[in-house]
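Report on one structure; see the data block that follows.
Every number here is computed from the coordinates shown, using simple stated rules; none is lab data. As the structure is a computational prediction, the values presented were derived from the model and not from experiment. Cβ atoms come from the backbone with ideal geometry, glycine included; neighbour counts cover every protein chain shown.
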Ligand SMILES: NC(=O)c1ccc[n+]([C@@H]2O[C@H](COP(=O)([O-])OP(=O)(O)OC[C@H]3O[C@@H](n4cnc5c(N)ncnc54)[C@H](OP(=O)(O)O)[C@@H]3O)[C@@H](O)[C@H]2O)c1
C-alpha cells in the first residue's frame, strides 16, 4: 500500500488523481493533501478519505477554523506550510499537481525528505531542472512525469537503446486560437481563450496552450527527464490530440503512444511507477469512429513563445525562472482583463531582455528572483495602461 500526499487536490489534475485513488484503494492510501483557495473542497475529500491526517490551505484564519472542526487532522497554512507538510508527513510519494512556481519548493522538499515525486507541476523542471536532477542523483529518489506527452515518450523509449534514438517528437494541438493568424489575435476574449479544443484543464495551462508556452515548457521538461538536447526535441502539430507523442529512431521507424484525451491515463501510469495497470476508469478510444489523424509543421513565427523555452535550455541557470515568472504574471493579467492576449510574449521578451543569467543558482536565489521578476512584470503591465 503506497502512502500518498496530493498537492493541488482542488485542481484539474488533483481531482482526476483523487478519482484514481478512490478506484484503487488496495494500492493507494491518501495521508495528506493541499488545496489553495478552494477550501470548500476540503470536507468532501476528508469524507472520501478518512485516512487523511494532514491538510494544507493558503488562508491561516480559515485553517484555524478547520482545525477546530476536525481535531483529528493537523492543518498547515501560510507561505511555509506546504513545505512543512511535505517534509514532516510520513509518505512514499508526493503527487505535485500545483500550478506555477509555488510547486518548486515542495518538489525539492519531497526529494530531500526521501519521497518519490509524481510530477504534473512542469514549472518545477522549467525553473529548477538542474537542481532537481542533482537531487535525484544524490537522494536516489524517483520522479515520474504526469504530463501526457512525457508519459507517451517514456512508453516509447522504454527498452530502447539510446544510440538508436533520432529525436523526440512532442505533439501539440495549437490551443484555443490555432485557426487564427497572429494579426487576428488582437482583441480575443478570455472566454474564448479558455476553450481548449480537446483537453479540459486549469486556466493557466489552457492559456499556456494557446500561446504554446506550454509546449516550450514541455521541451524543457523532456530535456530534464530524458536527457536529450533541445535540437533533438521537435514539435509536431496534431489536431485530434490522439497521438500523445512519438519517438523517431535512426532506422527510420517511429513509435507513438495513442489514447483518449483523459489525464487519468498518464496519472495512473505515474502512480504505478511507470507500469501499466488495468484500472480502466476512463473511456476507451474508439479508433473505428476516428475518420483521420492530421499533422502539420510547427510555425515558429505564429508561436514565438517556444523560442524563449529553447533559450532557457541554451542559457540554463536562472533563465527558466525569469521566463516562468514573467509568463505567470502576464497570463494572470490576461485572465484578469489587464493585458491583451497578444501582448503576453512581448511582456516576457521585455523582462528577459533586462536580466542577466545567474549560472548555478541556489534554491533561495531562485525563490528571491521569482519574487523580483513578478514585481517587475506587474509594474511593467501597469505602466502600459
Ligand atoms: N490539467 C491538465 O490536464 C494538465 C495536463 C498536463 C500538465 N498539467 C500541469 O499540472 C499542473 C496543475 O495543472 P491544473 O490544470 O490541475 O491546474 P489547476 O486546475 O489550476 O489546479 C492548480 C492547483 O494548485 C493550487 N494552487 C494554486 N496556487 C497555489 C498556491 N499559491 N498555494 C497553494 N496551492 C495553490 C490550486 O488550489 P485552488 O484551486 O484551491 O486555489 C489547485 O489545487 C500545472 O503545472 C500544469 O501545467 C496539467
Task: Relative exposure of 183, 149, 79, 123, judged by other C-beta atoms within 10 Å (fewest first) - done: 183, 79, 149, 123
Task: Two-site label geometry, residue 179 and residue 289: point separation in nm, points 7 Å out along Cα→Cβ - done: 2.1 nm
Open item on the list: Given R₀ = 22 Å, what would the calculated FRET efficiency be for residue 251 paired with residue 310, taking r from the Cβ atoms and rounding to 0.05?
Closed with: 0.20
Open item on the list: I need the peptides 34-40, 228-234 ranked by packing, meaning the mean over residues of other C-beta atoms within 10 angstrom, with the highest value on top.
Closed with: 34-40, 228-234
- [ ] Calculate the translational D of region 73-224 in whole µm² s⁻¹ from Stokes-Einstein, where the hydrodynamic radius comes from the Kirkwood formula applied to all Cα pairs, the temperature is 4 °C and the viscosity 1.567 mPa s.
- [x] 75 µm²/s
Task: Scaled radius of gyration (Cα, divided by 2.2 N^0.38 Å) that region 94-148 gives - done: 0.96
Task: Rel. contact order, % - alpha carbon contacts under 8 angstrom, at least six apart, the chain - done: 15 percent
Task: Evaluated over region 165-298, the Cα radius of gyration and Dmax, each in Å - done: 15.9, 47
- [ ] Report the calculated FRET efficiency for residue 299 and residue 51 (r = Cβ-Cβ distance, R0 = 30 Å), to the nearest 0.05.
- [x] 0.05
- [ ] Sort 294, 377 so the one with the fewest other Cβ atoms within 10 Å of its own Cβ comes first.
- [x] 294, 377
TODO: Return 189, 198 ranked ascending by Cβ neighbour count within 10 Å, so the fewest neighbours appear first.
DONE: 189, 198
Task: Stretch gain in nm, segment residue 231-residue 161, where the contour uses 0.36 nm per residue and the Cα spacing is subtracted - done: 23.3 nm
Task: FRET efficiency for residue 26 and residue 354, using Cβ-Cβ distance with R0 set to 45 Å, rounded to 0.05 - done: 0.25
Task: Anisotropy class of the chain from Cα gyration tensor, a/c 1.5 cut - done: rounded
Open item on the list: For region 236-384, compute the orientation-averaged projected area of the C-alpha convex hull (one quarter of its surface), in nm².
Closed with: 13.3 nm²
Task: Nitroxide proxy distance, nm - points 7 Å out along Cα→Cβ at residue 44 and residue 194 - done: 1.7 nm
- [ ] Obtain the nm distance between the two label points defined at residue 275 and residue 362 by a simple spin-label model: each point lies 7 Å from its Cα along the Cα-to-C-beta direction.
- [x] 4.1 nm
- [ ] Take the alpha carbon atoms of region 11-57, find their center, do the same for region 105-145, and report the distance between the two centers in whole angstrom.
- [x] 21 Å
- [ ] Find the eigenvalues of the gyration tensor of the Cα atoms of region 2-145, then list the square roots of 5 times those eigenvalues as equivalent ellipsoid semi-axes, largest first, in whole angstrom.
- [x] 23, 17, 13
Open item on the list: Can you tell me, using C-alpha contacts under 8 Å and at least 6 residues apart, the relative contact order of region 1-157 as a whole percent?
Closed with: 19 percent
Task: Relative contact order (%) - region 285-385, alpha-carbon pairs under 8 angstrom, separation at least six - done: 32 percent
TODO: If a/c stays under 1.5 just call it rounded; otherwise compare a/b with b/c (prolate if a/b is bigger, oblate if not). Do that for region 299-378, with a ≥ b ≥ c from the square roots of the Cα gyration tensor eigenvalues.
DONE: oblate
